[in-house]
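> Here you go, one structure.
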Amino acid sequence: MTTDATVRSATTADLDALAELHGLAGPGLGAPPPDTSEGVRLAEVGSVPVAYLVVERPPGSHVFLSSLVVHPERRSHGDEKLLIADVLQEAKGRDVRDRPAVSMQVAVDDTDLLHALFEQGFVGRRALDNLFAPGRHGLYCVYKSRYEYLDPDERYLLALTSWQAIQRLIDEESYAVTGAYHLGGRRVLEVARFENEDIATLQSDESMAGIAFAAGILAAITFVLGFSFTSGKYPDDIKVLLLGAALTTTLALIIYANTSGELARLRSNAFVDNMKWGNVLSEYGGVLPFVVSLEVTYAQLTPSWVPALITGGVASVALGCYFRSGFSLASRFTQSVWTHLLTAVIVIAPAAGAVVVRYSPISWPWTLAFAGSLIAQSTVFLFARRSEAGTRDGMQRWQIRR
């Protein structure tokens, strides 16, 4: 259910309302009512408090959710999800390497709170015996900052009466609690096994793929560039465009190669930044100018204008489809009006270039506009955006591999 509440920071004037909420929630809570407004996030409908979340920030880049209380009449309204999402939004605003670890200790019989946490990307990592009272166990829940895959054949629904079996499973490193439900009048936890992944090997494979890709593009560019130097019919502006593409792709290749050294020896934790630079330079400095230059060169050299314009139009449509797909590099970054405009200029470049070289004696303005758009888009992605895949925050943190 979508909540109609809003969230703000509590003040000292709210302490009595917080204590009242705590009393209405009933016995069995793991913490007393807050005696200070510091770190308390308050959800209210109009001016009426309906829930609060106590957030503590101990040293060591950690955020601990020590207490979450919801008015009994507001349960299942989504107020707890709103408060949790509010805290996570602040954490997600930081770079991946600077994000704090977010965690909470929850009673295993608090199904509503567990369900809210799991929907926001938390998992139960450790079993805590007798945490809140003798016989009332807890789970240590942590927010997953990485996207991981579940083993579809290793997912179990276990009733809380099977606590020892649940504890044995999640004591193993690869198992975690991923769901909490009411089934047949019983409280049930879902325990699932995550696939074991060697992050260092995955990163090494990615850097090697980048090296192979950049090397292949560079070989194609240098072949066409060498051919252009031996032909008097190749336009000078296309030669300049290809020269820039060859230089930029060489830089991308060097960055990819240095990334392999960073993984093996330097250990400077710069893999994400290195790959972002290599990917942006290879696509916007190598692939796109190379592909567009081929279409424009064909339009200028072919004796018939019909296939020239058709080829340019088809190339623009193909680029448009590519940029709208999830395969494009642009889909990994947050977009704005300006980046959309720059993408539009890049998309229409083949069609516009075909028209310009066929019907205008001067094509340098088109080349400068196209190159400028590529440079501007690259600059935005490299210096004004977070790491790649920053737009995936709405995705589930775990899924079954297809």
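FYI, it's all coordinate maths here, none of it is from the lab. No experiment lies behind these values; they were computed from the predicted model shown. All Cβ positions, glycine included, derive from the backbone under ideal geometry; neighbour counts span all protein chains shown.
> On C-alpha positions alone, give me the angle between the axis of helix 199-230 and the longest principal axis of the chain, in degrees, nearest 10.
Tilt relative to the chain: about 20 degrees.
> How large is the Kirkwood hydrodynamic radius of the range 199-388, counting all unique pairs of alpha carbons, in Å?
Computed over the range 199-388, the radius equals 17.3 Å.
> Using Cα pairs closer than 8 Å and at least 6 residues apart in sequence, work out the relative contact order for the range 6-194, in percent.
Here the relative contact order equals 15 percent.
> Cross-link candidates for Lys81: which aspartates and glutamates have Cα within less than 17 Å, leaving aside residues fewer than 8 places away along the same chain?
Within the straight-line limit of under 17 Å, Lys81 reaches these aspartates and glutamates: Asp4, Glu44, Glu73, Glu90, Asp110, Asp112, Glu119, Asp393.
> Still on this structure, I have one more. Under the definition of Cα pairs under 8 Å and six or more residues apart, what whole-number percent is the relative contact order of the chain?
The value is 11 percent.
> Could you state the angle between the C-alpha long axis of helix 364-383 and the longest principal axis of the C-alpha atoms of the chain, as a value from 0 to 90 degrees rounded to the nearest 10?
Result, in degrees: 20.
> Oh, and also: Pop a pseudo-label 7 angstrom from the Cα along the beta-carbon direction at both Phe327 and Val45 and give the gap in nm to one decimal.
Output for this residue pair reads 4.9 nm.
> Wrap a convex hull around the Cα atoms of the chain, take a quarter of its surface area, and give that in square nanometres.
25.5 nm²
> Within a Cβ distance under 13 Å of Val45, other residues only, what is the Lys/Arg minus Asp/Glu net charge?
-2
> Run the helix sum for the chain: -39,500 (n - 2.57) per DSSP H stretch of 4+ residues, divided by residue count, reported at 222 nm to the nearest 500 deg cm²/dmol.
After summing the helix terms and dividing by the residues of the chain, the value is -16000 deg cm²/dmol.
> Can you tell me the length gained on complete extension of the stretch Ala318 to Ser162, counting 0.36 nm per residue apart and subtracting the Cα distance?
50.5 nm
> Helix 271-282: angle to the longest alpha-carbon principal axis of the chain, degrees 0 to 90, nearest 10?
30 degrees
> Considering amide H positions built from the backbone, and no H for Pro or chain starts, which residues 5 or more places from Arg126, or on another chain, come under 5 Å of its amide H?
Tyr140
> Out of every Cα pair in the range 1-129, what percent are spaced more than 20 Å from each other?
The calculated P(r) of the range 1-129 puts 42 percent of pairs beyond 20 Å.
> Quick check: residue separation of Asp112 and Asp205 times 0.36 nm, minus the Cα distance between them. What number comes out in nm?
Contour length minus the Cα-Cα distance gives 29.4 nm.
> Based on the mean of other Cβ atoms within 10 Å per residue, sort peptides 364-371, 348-355 so the most packed one is first.
Going by the mean number of other Cβ atoms within 10 Å, highest first, we get 348-355, 364-371.
> A further question on this structure: Determine which lysines satisfy two conditions relative to Lys276: a Cα distance under 28 Å, and not lying fewer than 8 residues away in the same chain.
Leaving aside lysines fewer than 8 places away in the same chain, those within reach of Lys276 are Lys92, Lys144, Lys239.
> Towards the positive end of the charge dipole of the range 199-388, with charges on Cβ (+1 Lys, Arg; -1 Asp, Glu), say which of Pro289, Ile211, Ala352 has the farthest Cα.
After comparing all options, I get Ala352.
> How would you rank 247-259, 295-307, highest first, on the average number of other Cβ atoms within 10 Å across their residues?
By packing density, highest mean first, the sequence is 247-259, 295-307.
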